[in-house]
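The values are calculated or read from the model by the stated rules, or taken from the named source; none is laboratory data. Predicted model, so just to flag it, every value in this text is computed and none were measured. When we count neighbours, we look across all protein chains shown, and the Cβ atoms used for this are built from the backbone with ideal geometry, even at glycine. Heads up: the accessible areas ignore ligands, DNA and RNA and are worked out on the full protein's heavy atoms, side chains in. Shrake-Rupley method; radii C 1.70, N 1.55, O 1.52, S 1.80 Å.
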Amino acid sequence: MKVLLLYPDQNFNFKSHEEYNDDLIRDLGLDVIFEAMAKKDAFIYDIVKKVLLSYENDLSTILYRQDIFKDCINNKPIVERIYNLAIDAIETKKKSWLGIFSTNVSSLLSSSVSLLKMFLKFLREVRSISDEYYEKFDSTGFRKLFSTIKKELTEEFFSTAEKQLKDLTFESGFFIKAKLGPGIEGKDYQLLKPNKKVLIKKRLSKLAFLKPPSYTFSLHPRDDAGIETLTNIRERSINQIAKTLANAGDHILEFFIQLRSELAFYMGAINLYEKLSNLNAPFCFPEPYDLDRRVRKFTGLYDVSLALAKGKTVIGNELNATGKDLFIITGANRGGKTTFLRSIGQAQILMQSGIFVPAIYFSTNINKKIVTHFYRKEDPQLESGKLDEELRRFDRIVSNIKPNSLLLLNESFSSTNEREGSEIAVGIIKALIENKIEVFYVTHLYEFAKHFYDKNLENVLFLRAERKEDGRRTFKILEGEPLPTSYAKDLYEKIFNN
Amino acid sequence: MVCSYHIGVFFISLMGGDNISFKSILFKDFERKNNLTFERNQNVFEDLHLEQIIYNITSGVENKNLINYFYTPLNEVEEIKYRHEVFIELENNQSLFETIKTFVDKMNNVKRDLSFSEKLEYQYNKEGWWLEAVDQYTKTVSKLSLYLLNENLSSQGLQSFSKYLTEYTNSNYFSKLKEMVKRVKESLEEVTYCLNIDGLKVMVYKWEDEEEYENDIIKTFEKFKNLDNKDYELKIPTIVGMDHVENEIINAVVKFYPQPFELLDSFYAEYYRFMDPVIERFSEEIQFYIVYLDFIKRFKQSGLKFCYPEVITSKDEIYLYEGFDLALAYDKIKKEEDVVVNDFWLKNDERLIVITGPNQGGKTTFARMFGQVHYLGKLGVPIPGRKAKIFLCDNIFTHFEREEKVQNLKGKLESDLLEVKQIIDMTTPMSLIILNETFSSATVSDAIFLAKNIISKILNIDCYTLYVTFLDEIASMGKKVISMVAMVSKHDPSIRTYKILRKSADGKAYAISMAEKYSLTYEQLERRLKG
């Protein structure tokens, strides 16, 4: 029984220990988004972090999740009820489970039997919720979950399970079948269903001629060694069953954990949705294109981390580009270039996670991977070591990058002089875009930018941070050729002449 | 009829009239084996790290007898060749190697079951484990015999063992044994019985087609199944050997099914001692080859080479290419570090290698390698190196500088001299001497004087010698002495290359640009992204 609220055909693997890309979180300011989604719930924080950082490449999965999320918004109380039910079931196990410290077969079996009895009650409740509200949900995901529950959790299942759990309390002893193994010692001990003939014979023990032929003996109550042998035989007969039931308990628990975890992602998305609504900040459901397309169309795209941190709406940007592999962004310092770069990355991750994005309109191709390489001014290293560090980081990126990835570069290779930096950058960027990597490059390396500008390539677009005639910044990023000087002088004057 | 006659002829021609029946896979002349002695000078095994190597080879082997074979070097070229042939055959025929390995494991199980059976209390239990041993034995021996018969064997040792095995498995005795064990086992396998355990009360009854419960229960809860089941490590002690309760249960079972047990009783009485002594010995001796080949596998996987040296008793020339210290390489490979290989050769009258060079430059390692290959050569095993010709020495003498001996009352130099004297007294022209930093406690002029005198004594004996020293002066003492040097990187003299050369080679200077260092130039990146 699978939850399938994140993928149409498989569970989301929350246990995978893929290493977090800390650079990505830091460069794009993703932790602010995680916090807004978590609303101080550590569990949700953990889940949204995992799901967002494993953004999807598959277009249909993205749309599948968008539909489920729309259902969540429309049926928030019911979704919350299921979410809380899952939490209760998980708590029950934590409170009642005694078998966990034991490697003893008998105690594992009896713990499992009583845990399963309790889980059956929760499953009955899940069943009744899904019967009651099935009609209110439109998404393929929720509809499939409810019909699975209806199909699997039948009355027949409940009654069979309850009968078997009762038999496993062994009121008339253990019925065991055996064969002769190596050394003429018993082997293949198998539990049998209670044998009625044997039960009769036991009760009428004087009638020895009754079938089946038998021989009976009793152990002395103080025959410890003998009692141990009997225990051993008994435990070997229930060994597999004890494991099966313990696993069944685990699996039902896992079902509840999976249910809780997958829903937690949507609970987080609801939190973010509500927060942005309160700020009156725009958001929309994006329209993704396939991996190998090159589409970047959006209006009102803003840095959502910035908006959340400031608690108010921030300036958005627009772009309408198709067929571009390289975006070179130049222009004034503190003109909104880094913010722009971050908003590109954030929206891409949110879109590929299957929820809404912070923009009025947003439509781009999917990317295989989203990678950042930001110049770190704060690194406490000697100048001479900085280029080494940058290149080492870049080398790691190249080792893992795949075609159709999105690479966001912020002032990369500016730890050396412009000529050297440009020289290195030209070679690297040329190789990257020739090999299907999409690149956004915020840079001061004028020689580098000019090199590509002079080539006048179809697939390269130049953007510039806007500055008005009077030197004022609008924090808008517009199309524009690279200019030989940056605006650092302005900034300097503004700060020192004030 | 025609067929068996034909086979007979075939064997006679194959053996070339050499009709000695098979005795041992380790010794061509089994009777002469007892004359083998080796001056088991403890220092040699310690200095050359042979103890360590032998320990590593044989660790994990139960049969402690095996270790002795590694301390019993051979003195005859013929005997060494006998082992080489078997080694080559096992090394080149993976399936033969695996088959024999399995055979050894199974034979060990047979022996274990037998000795267990001896210790048991209840008769059916005893007979039961004995039956397991017979069953395993007949299957194992038949399987190997059939396999070897269809194999085109090239080594003399395995050929004659195969012949022996064929004769044995075709014997009446063995056929009868096989038939009996099958009959007894089959009849015991048909026995199925049931128990009702209710508190202290046990009812044993005959099985009447009752259903097992497990599958029903599994089916009910299957719907929650997914791929990763937690593995509950339930501790049910496996008690092997019956106690009184099991014995009582089995005695009840005997009443329901008397026949199989009667069969077992009579089989046990008649065939109690069934194992063939020659096959038993083979199963022990062949482990010498198995453990060694298993041991060198890891080195080969790391790209190191082993070879079968040409072993000579004349002194025309000796050489080794791409050799290495087996003990050091073992540690390096464990740590996933590179192993440096080295060559040496001595031609015509050249007898003595003097090694000089910086500390920690690999000189001692080279000295150990020199000694190890000569010792291993005497064991008839493949030795480290791509190609080798080595001398079949009668003895190896070592004198290594050892720190723990400093408190010697006679004074360091005096004791050194006494030890060297002792070595020289025992040395014959057929011996091998390895001296490592001998006389390092003396002043330079004293040390030069002593070393030169010792060397000329050694040169008079005319035995092969290796001398590690910091004294450059003794590296040029005529054409019998050759000089080798531990090299350093030309680029950066603080870097040791661990190469020991007869001549110094030129280092290559290089400079890498930053981008090239990280493979980030346009051309490099193109290749990386395409690949």
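Go through region A:345-355 and count every residue that is buried (at least 24 other Cβ atoms within 10 Å of the Cβ) and either of a type in the set (Val, Ile, Thr) or not in a helix (DSSP H, G or I) (or both).
Residues flagged as buried (at least 24 other Cβ atoms within 10 Å of the Cβ) and either of a type in the set (Val, Ile, Thr) or not in a helix (DSSP H, G or I) (or both) within region A:345-355 amount to 2.
State all residues of region A:178-201 that are over 20 Å from B:TYR124 (Cβ atoms), within 7 Å of chain B (Cβ to nearest Cβ) and not aliphatic (A, V, I, L, M); if no residue qualifies, say none.
A:GLN190, A:LYS193, A:ASN195
Being modelled with pLDDT under 70, assigned to a loop (DSSP other than H, G, I, E, B), of a type outside the set (Gly, Ala, Ser) and surrounded by 10 or more Cβ atoms within 10 Å (Cβ to Cβ) is the filter here, so list the residues in region B:481-531 that pass it.
If the condition is that a residue be modelled with pLDDT under 70, assigned to a loop (DSSP other than H, G, I, E, B), of a type outside the set (Gly, Ala, Ser) and surrounded by 10 or more Cβ atoms within 10 Å (Cβ to Cβ), then B:LYS490, B:HIS491, B:PRO493, B:ILE495 are the ones that fit.
When you scan region A:39-146 for helices (runs of 4 or more DSSP H) that lie fully inside it, which ones turn up with 2 or more residues that are acidic (Asp, Glu) and over 26 Å from B:PHE221 (Cβ atoms)?
A:59-74
Looking only at residues in region A:224-245 that are more than 8 Å from chain B (Cβ to nearest Cβ) and either over 50 Å from the mean Cα position of the chain (by Cα) or open to solvent by 20 Å² or more (accessible area, probe 1.4 Å) (or both), which one is farthest from A:VAL105 (Cα to Cα)?
Per the criteria, the residue is A:ASP224.
If I filter region A:165-217 down to residues being of a type in the set (S, T, N, Q) and out of contact with any Phe, Trp or Tyr (no Cβ under 7 Å at 6 or more places or on another chain), which single residue comes out as most open to solvent (accessible area, probe 1.4 Å)?
A:SER205
Pull up region B:437-459, narrow it to residues that are part of a helix (DSSP H, G or I) and not hydrophobic (A, V, I, L, M, F, W, C), then point me to the one that is modelled with the lowest pLDDT.
Once the filter is applied, the top-ranked residue is B:SER445.
So, A:TYR20, is that one among the aromatic types (Phe, Trp, Tyr) and surrounded by fewer than 16 Cβ atoms within 10 Å (Cβ to Cβ) or not?
yes
Considering each of A:ALA36, A:ALA89, A:ALA42 in turn, give the residue that is open to solvent by 40 Å² or more (accessible area, probe 1.4 Å), over 12 Å from the mean Cα position of the chain (by Cα) and either on the phi > 0 side of the Ramachandran plot or among the aliphatic types (A, V, I, L, M) (or both).
Matching residue, one of A:ALA36, A:ALA89, A:ALA42: A:ALA42.
In region B:85-101, which residues are open to solvent by 20 Å² or more (accessible area, probe 1.4 Å) and in contact (Cβ under 8 Å) with a residue 40 or more places away in the chain?
B:GLU85, B:ILE88, B:GLU91, B:ASN93, B:THR99, B:LYS101
Return yes or no: is A:LYS117 open to solvent by 70 Å² or more (accessible area, probe 1.4 Å) and within 10 Å of chain B (Cβ to nearest Cβ)?
So A:LYS117 does not fit the description; no.
Please go through region A:418-444 and pick out each residue that is open to solvent by 10 Å² or more (accessible area, probe 1.4 Å) and either touching a Ser or Thr at 6+ places or on another chain (Cβ under 6 Å) or within 13 Å of chain B (Cβ to nearest Cβ) (or both).
A:GLU420, A:GLU423, A:ILE424, A:VAL426, A:GLY427, A:LYS430, A:ILE433, A:GLU434, A:ASN435, A:LYS436, A:HIS444
Can we say B:LEU435 is surrounded by 14 or more Cβ atoms within 10 Å (Cβ to Cβ) and either over 20 Å from B:THR364 (Cα atoms) or of a type in the set (D, E, K, R) (or both)?
no
Restricted to region A:178-195, and to residues that are without any contact (Cβ under 8 Å) to a residue 40 or more places away in the chain and under 18 Å from B:GLY199 (Cα atoms), which residue is farthest from the chain's Cα centre (by Cα)?
A:ASN195
Given the conditions (1) under 23 Å from A:PRO358 (Cβ atoms); (2) in the same structural domain as A:SER237 (by TED's automatic domain parsing); (3) open to solvent by less than 30 Å² (accessible area, probe 1.4 Å), and given that A:ASP58 satisfies all but one, which numbered condition is not satisfied?
(3)
With the requirement that a residue be surrounded by fewer than 17 Cβ atoms within 10 Å (Cβ to Cβ) and either in contact (Cβ under 8 Å) with a residue 40 or more places away in the chain or farther than 14 Å from B:TYR289 by Cα (or both), what does region B:64-74 give you?
B:LYS64, B:ASN65, B:TYR71, B:THR72
Step by step: first the residues of region A:298-332, then only those that are more than 20 Å from A:GLU481 (Cα to Cα), open to solvent by 40 Å² or more (accessible area, probe 1.4 Å) and not small (Gly, Ala, Ser), then the one that is nearest to the chain's Cα centre (by Cα). Which residue is that?
Per the criteria, the residue is A:LEU306.
Quick one: what pairs do we get from region A:463-477, first residue on the phi > 0 side of the Ramachandran plot, second in a strand (DSSP E or B) and surrounded by 17 or more Cβ atoms within 10 Å (Cβ to Cβ), C-beta under 9 Å, 6+ apart or different chains?
Taking only residues 6 or more apart or on different chains, the pairs are A:PHE475/A:ASN317; A:PHE475/A:ALA465; A:PHE475/A:GLU466.
With in the same structural domain as B:ILE25 (by TED's automatic domain parsing) and open to solvent by 60 Å² or more (accessible area, probe 1.4 Å) as the only criterion, which of B:GLU78, B:GLU127, B:GLU51 stands out?
The match here is B:GLU78.
Got a sec? Which of B:ALA329, B:ALA367 is modelled with pLDDT of 95 or more, within 24 Å of the chain's Cα centre (by Cα) and either under 21 Å from B:LEU450 (Cα atoms) or among the polar types (S, T, N, Q) (or both)?
When all the criteria are applied, what remains is B:ALA367.
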